[in-house]
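S.K.: One structure, pasted below without further comment.
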Amino acid sequence: MTATREIYWNISNVWLMYVLFVPAAAAFAYGFYRHIRTWGATLPADRHGRVGERLLGLAKYVFGQARIHGAGRAPTLRHWYAGAFHGLFFFGFIGLFLGTLVVMVHEDFGLHIMQGDFYLWFQSLAVDLCGLFAIVGLTMALARRLFFKPARLENTERDWFNAPVLLIILCTGFTLEGLRFAATNDPYASWSPVGLIASRALAAIVPAEQIRPLHASLWWFHLVTVLGLLAALPYTKLRHVFTAPLNIYFRPLTARGAVLKPLDLETAESFGVSKLEQFSLKSLMDLDACTECGRCQDACPAYASGKPLSPKKIIFDLRDLLHEKRDADGELTAPATVPDLIGEDALWACTTCMACMEACPVFIEHVPKIVDMRRYLVMEEGRFPDSVQQSMRSLESRGHPFPGNTTGRLDWTKGLDVRVLREGESAEYLYWVGCATALNARNHSTARSLVSILNEAGVDFGILGEDEACTGDSARRVGNEFLFQQMARQNIATLESRSVQKIITTCPHCLNSLKNEYADFGTNFEVVHHSQLLADLVASGRFKPQGEEAQSVTFHDPCYLGRYNGVFDEPRDVIAAVPGTSMIEMERHREGSFCCGSGGGRMWMEEPVEQRVSNLRARQALATGAEVVGVGCPFCMMMVEEAVNTEKGSRDVRVRDIAELLRGPVS
Amino acid sequence: MKIAVCCKAVPGSVTDVEVDAQANNLRFRSQFQAMNECDEYAMEEAIVLKRQYGGEIVALTMGGISTQEILYAAVAKGADKIVRVDAQVQDPRAASIVLAAALKTIGADLVLTGTQSRDSLSSFVGVSIAQQLDLAFAFAVTAIAKDGDHSIKVRKELGGGRNAEVRLPLPALVCIQTGIQTLNYVPPARLMRARATPPKSMRLADLGLTPEDLAPKGYRIASVAPPQRTRQAQMLGGTPQEAVKALLEKMAEVR
């Protein structure tokens, strides 16, 4: 006799099951139809195509759960407990679902697969264990919410629905199996160990004559609960079972630094986002993909420093508005504009550091939404902080964002051999100095160190001198797309007049604009950060490091170098090449790095002392005990050095650019 | 009230300047052209006055086609009409003759200008226009209010922290002191939409002017040169008493 079991044992009127399925499926389909309809129709062009890469993403981030457990990522992005329980019930339910499919194929399609070894190994043993995994996983999740809830999670009524209902389904499932074993003496019961234990326990407490009636009524209860959950799925955050994979599929495949797309200034009727429907389809899909895990909030430097911004809350608020709009069939009662709903203070608190997007397991894009709303405030309304207005005026009239600056762009070159390229002249590399390096006295030594290394290594390079202007990075981040495009076009013309192909930058912000953002205006520059070139020069032996004496160094990853452009190793290679240095990492490093507080136009906004992101970062750096804090960005230099000096007390801690570390002081 | 605002397009940065020895002129290297900041305050005040009393604002500039950009900025800020006189004039006296002629065709009740331009710093144009058009005049004004139908009351700075309140009959010309209003950032969307407003363009001939009218009269520019560093500054060291003694000796020498 082949191993199998009787389907619908002890159940009569099975046809009723099919009848009950219809309304549940209808509620399920209608729920998702409403979501999809409110997302609108405008999927950005860069989210089409590259199907293979997108499917691989599903494999990695859905089935591999890569961003849920975060194995192999920076320490602050690893979540072994949540990763374990999510993995347990994710794969558990996949097994149970497959088990149900097997029943359907066997019974409804008449394809008799549920027998023999397959029945024993898969349908009995594997599915039984899957049920056990799911129970363990859900219990771990509930225990976390009950006894050791991280602050980023909120417990609302909604959160007491999904896990308990799923547990009820699992427990009634095992009870049903146990009752059947107890009544039938199934010869294959030992292949279902959990069901077997249940049957022993049930046999001890349930009188034999009540087993069959109890089984029948529990079976219908189990069925109705399953169908109820199916119907409720689109209306609870369990919808992420479908929306998260969709969101992962349509994730941006460009470099992180290229996620802001140019506005068409000539044809657009309005700029930025003031109304929900002006967001793109992917932007609104984001809102329904959110699982409320709160990791974005934990990663956010603005939130950590007590500012009125939480990326999680932005997503919640926009989602609630989206659902209100959906429920009211397109009519919105609440506030006039989306930026007003989120609040200007929250929108201006963002440093655009991308820590939230790096932390999100389902690829929600917080920063482009914030910039979209800033675009509306700046481009349409002229509503933004006074100090930033000063910077923008300076950018317009003087080509750099430092109002009141009196330093010349060539002041740092005094006594050094630096060639200024005039129109028509060219060199192998253009060193794009950047306003923050050229115009801030502290950063002059970074440029001087770099240039002296380049000269010693015999690198052919030149600079633009007075013809260099701001790349427009901070104009774009604060939402002034008009000014950004103006700066971009002007700089591209300047660069093309020197036939520039390869560019070195000391500023990761310049790097990002020149490399990722100017490409949208038809350029194809090969842009490297000085850490990349220096690592090369050291590795190839073209530069022999001299450097300072023995010292311990910690490295502060600049957001626009690390998270934006994936450059993590080269600055560390450069530091390691300096004789006598030892490296100590901060807890938040590499893609988990914590912003210095100056990105996204924050450089030009007032920050009360107790809310300074830079002071938090300085404390993290000082906690390593390192004698030197290495940086690779002129903005980080200004912020971190000031903060380290404020926080270090009597300790002797220096802040150095990697070029300074490698070269040692240049007189 | 019809308000005309004279605004000048100036180089974004004036620190990077060369002397053009042939033309006896200054040449700025800055690639940016912006509305002269002092004139922006005049523009900002005109908007406040319009909001208060109604009327229209005409923004007037002089220069090549590229200076049109600042007129669009004026529209974005709130100007109703824009006028450009197509003439390249650097001499302040000549500029005032051209602007006065243009203002005569505009016929404003009140003319506002800044106190000086960032590039030539002469503070000449405002007063010269007022004199040519025989307008009541006040300089470095920090507040304007209407006083009856045909006059305004202004507060003007006298220097040394003192002010005077003056009544001016209309039509009048007022040079606006910086800081009279806070400058508002022009939202780029409005700037782009402003390009739909066509500027009225006038040539010198339309104003009945010939190049001879603009030639310097009674003076000529002999040469233009950067200031010479003479390195004659001396630092007086020692105690305050010694420094004072040394200073008095120097003063006696000079006398």
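S.K.: Regarding the range A:116-124, can at least one residue be identified that is at pLDDT below 95, outside any helix (DSSP H, G or I), out of contact with any Lys or Arg (no Cβ under 6 Å at 6 or more places or on another chain) and under 26 Å from A:P187 (Cα atoms)?
M.R.: Checked against the condition, which is being at pLDDT below 95, outside any helix (DSSP H, G or I), out of contact with any Lys or Arg (no Cβ under 6 Å at 6 or more places or on another chain) and under 26 Å from A:P187 (Cα atoms), the range A:116-124 yields no hits at all.
S.K.: Suppose we filter the range A:379-423 for residues that are touching a residue at least 12 places away in the same chain (Cβ under 8 Å), within 12 Å of chain B (Cβ to nearest Cβ) and β-branched (V, I, T); how many remain?
M.R.: Count: 2.
S.K.: Looking only at residues in the range B:178-215 that are within 13 Å of chain A (Cβ to nearest Cβ) and in a helix (DSSP H, G or I), which one is surrounded by the fewest Cβ atoms within 10 Å (Cβ to Cβ)?
M.R.: Among those residues, the one meeting the criterion is B:R193.
S.K.: Restricting the search to the range A:177-195, which residues are touching a residue at least 12 places away in the same chain (Cβ under 8 Å) and in a helix (DSSP H, G or I)?
M.R.: A:E177, A:G178, A:L179, A:R180, A:F181, A:A182, A:A183, A:T184, A:W191, A:P193, A:V194, A:G195, listed by residue number.
S.K.: Next question. Here are some residues: A:A623, A:A643. Which one is without any contact (Cβ under 8 Å) to a residue 60 or more places away in the chain, farther than 27 Å from A:H366 by Cα and either touching a helix residue (DSSP H, G or I) at 6+ places or on another chain (Cβ under 8 Å) or assigned by TED's automatic domain parsing to the domain that holds A:C360 (or both)?
M.R.: The unique qualifying residue is A:A643.
S.K.: Follow-up question, since we're still on this one. How many residues are in contact (Cβ under 8 Å) with a residue 60 or more places away in the chain, in a loop (DSSP other than H, G, I, E, B), of a type outside the set (A, V, I, L, M) and within 14 Å of another protein chain (Cβ to nearest Cβ) when one looks only at the range A:252-280?
M.R.: Matching residues across the range A:252-280 total 5.
S.K.: How about the range A:505-526: which of its residues are surrounded by fewer than 24 Cβ atoms within 10 Å (Cβ to Cβ) and over 15 Å from A:R256 (Cα atoms)?
M.R.: A:F521, A:G522, A:T523, A:N524, A:F525, A:E526
S.K.: Tell me, please, whether a residue that is aromatic (F, W, Y), at pLDDT below 95, crowded, with 20+ Cβ neighbours inside 10 Å and not in a loop (DSSP other than H, G, I, E, B) can be found in the range A:635-646.
M.R.: No; the residues of the range A:635-646 include none that is aromatic (F, W, Y), at pLDDT below 95, crowded, with 20+ Cβ neighbours inside 10 Å and not in a loop (DSSP other than H, G, I, E, B).
S.K.: Hey, another quick one. Which condition from (1) touching a residue at least 24 places away in the same chain (Cβ under 8 Å); (2) assigned to a loop (DSSP other than H, G, I, E, B); (3) within 13 Å of the chain's Cα centre (by Cα) is the one that B:G126 breaks?
M.R.: It is condition (2) that B:G126 fails.
S.K.: Considering (1) modelled with pLDDT of 95 or more; (2) out of contact with any strand residue (DSSP E or B) (no Cβ under 6 Å at 6 or more places or on another chain), say which one B:L168 fails and leave the rest.
M.R.: The single condition B:L168 does not satisfy is (2).
S.K.: Test A:C510 against the criterion of being in the same structural domain as A:P634 (by TED's automatic domain parsing), in contact (Cβ under 8 Å) with a residue 12 or more places away in the chain, part of a loop (DSSP other than H, G, I, E, B) and hydrophobic (A, V, I, L, M, F, W, C), and give yes or no.
M.R.: Considered against the rule, which asks whether it is in the same structural domain as A:P634 (by TED's automatic domain parsing), in contact (Cβ under 8 Å) with a residue 12 or more places away in the chain, part of a loop (DSSP other than H, G, I, E, B) and hydrophobic (A, V, I, L, M, F, W, C), A:C510 comes out as no.
S.K.: Shifting gears a bit: Would you be able to tell me the number of residues in the range A:237-296 that are more than 26 Å from A:S513 (Cα to Cα), surrounded by 20 or more Cβ atoms within 10 Å (Cβ to Cβ) and of a type in the set (V, I, T)?
M.R.: The qualifying residues number 1.
S.K.: Within the range A:534-542, is there a residue that is within 14 Å of another protein chain (Cβ to nearest Cβ), in contact (Cβ under 8 Å) with a residue 40 or more places away in the chain and either in contact with a His (Cβ under 7 Å, 6 or more places away or on another chain) or surrounded by fewer than 18 Cβ atoms within 10 Å (Cβ to Cβ) (or both)?
M.R.: No; the residues of the range A:534-542 include none that is within 14 Å of another protein chain (Cβ to nearest Cβ), in contact (Cβ under 8 Å) with a residue 40 or more places away in the chain and either in contact with a His (Cβ under 7 Å, 6 or more places away or on another chain) or surrounded by fewer than 18 Cβ atoms within 10 Å (Cβ to Cβ) (or both).
S.K.: Okay, next question. Working only within the range A:395-413, note down all residues that are in a helix (DSSP H, G or I) and at pLDDT below 90.
M.R.: A:E396, A:S397, A:R398
S.K.: Let me ask something additional. Which residues, counting only those in the range A:460-498, are under 15 Å from A:W432 (Cβ atoms), more than 14 Å from chain B (Cβ to nearest Cβ) and surrounded by fewer than 20 Cβ atoms within 10 Å (Cβ to Cβ)?
M.R.: Answer for the range A:460-498, where residues must be under 15 Å from A:W432 (Cβ atoms), more than 14 Å from chain B (Cβ to nearest Cβ) and surrounded by fewer than 20 Cβ atoms within 10 Å (Cβ to Cβ): A:G462, A:E496, A:R498.
Residues are listed down the side, and each one gets a yes or a no for (1) in contact with a Gly (Cβ under 6 Å, 6 or more places away or on another chain); (2) in the same structural domain as A:Q210 (by TED's automatic domain parsing); (3) assigned to a helix (DSSP H, G or I); (4) in contact (Cβ under 8 Å) with a residue 24 or more places away in the chain:
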position	(1), (2), (3), (4)
A:T4	no, no, no, yes
A:G31	no, no, yes, yes
A:L55	no, no, yes, yes
A:A59	no, no, yes, no
A:F89	yes, yes, yes, yes
A:G95	no, yes, yes, yes
A:G99	no, yes, yes, yes
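S.K.: Taking the range A:604-617 as the region of interest, how many residues are outside any loop (DSSP other than H, G, I, E, B) and either in contact with a Ser or Thr (Cβ under 7 Å, 6 or more places away or on another chain) or among the charged types (D, E, K, R) (or both)?
M.R.: Summing the residues that are outside any loop (DSSP other than H, G, I, E, B) and either in contact with a Ser or Thr (Cβ under 7 Å, 6 or more places away or on another chain) or among the charged types (D, E, K, R) (or both) in the range A:604-617 gives 7.
S.K.: Within the range A:424-436, restricting attention to residues that are among the aromatic types (F, W, Y) and surrounded by 22 or more Cβ atoms within 10 Å (Cβ to Cβ), which residue is farthest from the other protein chains (Cβ to nearest Cβ)?
M.R.: Going through the qualifying residues, I end up with A:Y431.
S.K.: Counting only residues that are surrounded by fewer than 17 Cβ atoms within 10 Å (Cβ to Cβ) and part of a loop (DSSP other than H, G, I, E, B), how many does the range B:95-108 have?
M.R.: So the answer is 1.
S.K.: Can you tell me which residue among B:E56, B:E45 is of a type in the set (D, E), closer than 19 Å to B:I144 by Cα and surrounded by fewer than 20 Cβ atoms within 10 Å (Cβ to Cβ)?
M.R.: B:E56
S.K.: Also, I was wondering about something else. Tally time: how many residues in the range B:230-247 are exposed (fewer than 10 other Cβ atoms within 10 Å of the Cβ) and either of a type in the set (G, A, S) or part of a helix (DSSP H, G or I) (or both)?
M.R.: Selection size over the range B:230-247: 4.
One line per residue, one yes/no per condition, for (1) buried (at least 18 other Cβ atoms within 10 Å of the Cβ); (2) within 47 Å of the chain's Cα centre (by Cα); (3) at pLDDT below 95:
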residue: A:A151; (1), (2), (3): no, yes, yes
residue: A:L170; (1), (2), (3): yes, yes, no
residue: A:N185; (1), (2), (3): no, no, yes
residue: A:A189; (1), (2), (3): yes, yes, yes
residue: A:A203; (1), (2), (3): no, no, yes
residue: A:A208; (1), (2), (3): no, no, yes
residue: A:H215; (1), (2), (3): yes, no, no
residue: A:L218; (1), (2), (3): no, yes, no
residue: A:L229; (1), (2), (3): yes, yes, no
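S.K.: Another question, then. Say we look at the range A:351-383 and pick out the residues that are modelled with pLDDT under 95 and not in a helix (DSSP H, G or I); which of these is surrounded by the fewest Cβ atoms within 10 Å (Cβ to Cβ)?
M.R.: Per the criteria, the residue is A:R383.
S.K.: Tell me yes or no: at least one residue of the range A:422-431 is among the polar types (S, T, N, Q), over 38 Å from the mean Cα position of the chain (by Cα), more than 25 Å from A:V574 (Cα to Cα) and modelled with pLDDT under 95.
M.R.: Taking every residue of the range A:422-431 in turn, at least one turns out to be among the polar types (S, T, N, Q), over 38 Å from the mean Cα position of the chain (by Cα), more than 25 Å from A:V574 (Cα to Cα) and modelled with pLDDT under 95.
S.K.: Restricting to the range A:554-601, what's the tally of residues that are assigned to a loop (DSSP other than H, G, I, E, B) and among the hydroxyl-bearing types (S, T, Y)?
M.R.: Result for the range A:554-601: 4.
S.K.: Something else now. Given the conditions (1) at pLDDT 95 or above; (2) surrounded by 19 or more Cβ atoms within 10 Å (Cβ to Cβ); (3) part of a helix (DSSP H, G or I), and given that B:I82 satisfies all but one, which numbered condition is not satisfied?
M.R.: (3)
The values are calculated or read from the model by the stated rules, or taken from the named source; none is laboratory data. Predicted model only: the values in this text are computed from it and were never measured. No Cβ is skipped: glycine too gets one built from the backbone with ideal geometry, and neighbour counts run over all protein chains shown.
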